[in-house]
Amino acid sequence: MLKATYYVGANNTTGEVEKKKALSIFNKYYEGYTVDEVVGYWQGKPEKSIAITILSNDDRFKKLAKELKLELKQDCILYTLEIVDEYFI
């Protein structure tokens with residue numbers, strides 16, 4: 001299983017995170033994920049951000065990142081991938 005964490009920063013114009021819009025994009029790809037509100041740093045400056053974590057075995061991670069970047073008008077979207085063992089009890 002892969003664990004992907006996406007880091008979505010604030011809108012460059014408004015300084016606010018477009019959380020609702022970002023989550024509507026995630027909903028097209030995945031039915032479940034975890035969202036955390038965080039403070040990220042971009043070019044040395046703090047900004048409101050969200051971190052969204054997904055567990056999956058598919059290969060849509062890069063496609064999702066590209067759509068987020070385009071739709072949210074971001075300079076970039078960071079995502080990390082880790083191999084994890086999962087347990088549903």
>> What do you get for the angle between helix 61-71 and the principal long axis of the chain? Use alpha-carbon atoms, 0 to 90 degrees, nearest ten.
In response: 20
> Of all the stretches in the chain, which is the longest one without any exposed loop site, taking GluC sites (Glu not before Pro) in a DSSP loop (any state but H, G, I, E, B) with at most 11 other Cβ atoms within 10 Å?
Replying inline: 32-85
> What trypsin sites (Lys or Arg not before Pro) in the stretch 32-89 are in a loop by DSSP, with at most 13 other Cβ atoms within 10 Å of the Cβ?
Replying inline: K73
> Could you give the angle, 0 to 90 degrees to the nearest 10, between helix 19-29's Cα long axis and the longest principal axis of the Cα atoms of the chain?
Replying inline: 30
> Which value, to two decimals, describes the C-alpha radius of gyration of the stretch 1-62 once divided by 2.2 N^0.38 Å?
Replying inline: 1.17
> With the dipole of the chain worked out from charges on the C-beta (+1 for Lys and Arg, -1 for Asp and Glu) around the Cα centre, which of Y30, T14, I52 lies farthest toward the positive end?
Replying inline: T14
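All of the numbers you see were taken from the coordinates with simple rules; none came from a lab. Computed from a predicted structure; not experimentally measured. Don't worry about glycine lacking a Cβ; one is built from the backbone with ideal geometry, like all the others, and counts go over all protein chains shown.
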